[in-house]
Structure formats: structure tokens, C-alpha cells
Amino acid sequence: MRLGRDDIGALVWLATCACLMFGFFGFATIAPWTFDVMSVSEAAQRCPGAIDVSWPAVLCYRGRPLKWELGLISDHPLRYSLSLVQMIIGWSAFVFGVSQMKRFR
């Protein structure tokens, strides 16, 4: 069975959406880890009495301290790098897919 032009266009559209989701999961890890995660000692100074010292790291989300299971970037640089690469690859593939979608109008 051969795929028609509309079928190929639908597959490109689905693959482009999948690439956007793939990149978003990398972004959802990178963004808070980069900007909002802090060490337990720093968080204890900002929010005294609200931090458990057994936490690996603290995410300050809207002024509320939350336990961040992944730890600090310096604790897991490979995991951070892989999430960054995931975001870059996903969004690059999304941009490529959008450029290919224009062929199937």
C-alpha cells in the first residue's frame, strides 16, 4: 500500500507534534533546575523552619519550598546535559517538521 500525499502530510504533522512533546519534557526539567533550584543550606536561610535537611535540593516554586528529587546541577551534570540535549534535539526537530509541513498544504 502506497501512502498518498495527504497521508504523508498527516504523518509529518504527528511526528512534528511528537518532537515538540519530546523537547518540552527536556525543557520542563531544565527550566526549573536552572533557575529555581537551590541548595538546602541556601533555602534554609530564605525560609527558616520550612526546609527538611534530608532533601537533596529545594525548588522554590512561587515562594513555596518543595523537595527537588534530582539534586543540584553539580550533583548530576550528566543528567542535566542529557536533558538539555533532549530539549535542543526535540525543538530542532520540531522546527524542521514545521518547515516540512509547508510542503503538504
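The residues listed here are 56, 48; of these, the one that is in contact with a Gly (Cβ under 7 Å, 6 or more places away or on another chain) and assigned to a loop (DSSP other than H, G, I, E, B) is 56.
In region 1-26, the residues that are farther than 13 Å from residue 100 by Cβ reach residues that are at pLDDT 95 or above and among the polar types (S, T, N, Q) with C-beta atoms within less than 9 angstrom, at least six apart or across chains, in these pairs: 22/86; 23/86; 23/92; 25/83; 25/86; 26/83; 26/86. Checking the stated criteria, residue 83 turns out not to satisfy the condition of being exposed (fewer than 13 other Cβ atoms within 10 Å of the Cβ), without any contact (Cβ under 8 Å) to a residue 60 or more places away in the chain and in a helix (DSSP H, G or I).
Would you confirm, using the coordinates I've provided, whether residue 42 is in a helix (DSSP H, G or I), free of Cβ contacts under 8 Å to residues at least 40 places away in the same chain, among the acidic types (Asp, Glu) and surrounded by fewer than 17 Cβ atoms within 10 Å (Cβ to Cβ)? Considered against the rule, which asks whether it is in a helix (DSSP H, G or I), free of Cβ contacts under 8 Å to residues at least 40 places away in the same chain, among the acidic types (Asp, Glu) and surrounded by fewer than 17 Cβ atoms within 10 Å (Cβ to Cβ), residue 42 comes out as yes.
The values are calculated or read from the model by the stated rules, or taken from the named source; none is laboratory data. Bear in mind that the values here come from a model prediction, so they are computed numbers and not experimental data. FYI the Cβ positions are ideal-geometry reconstructions off the backbone, even for glycines, and counts take in every protein chain you see.
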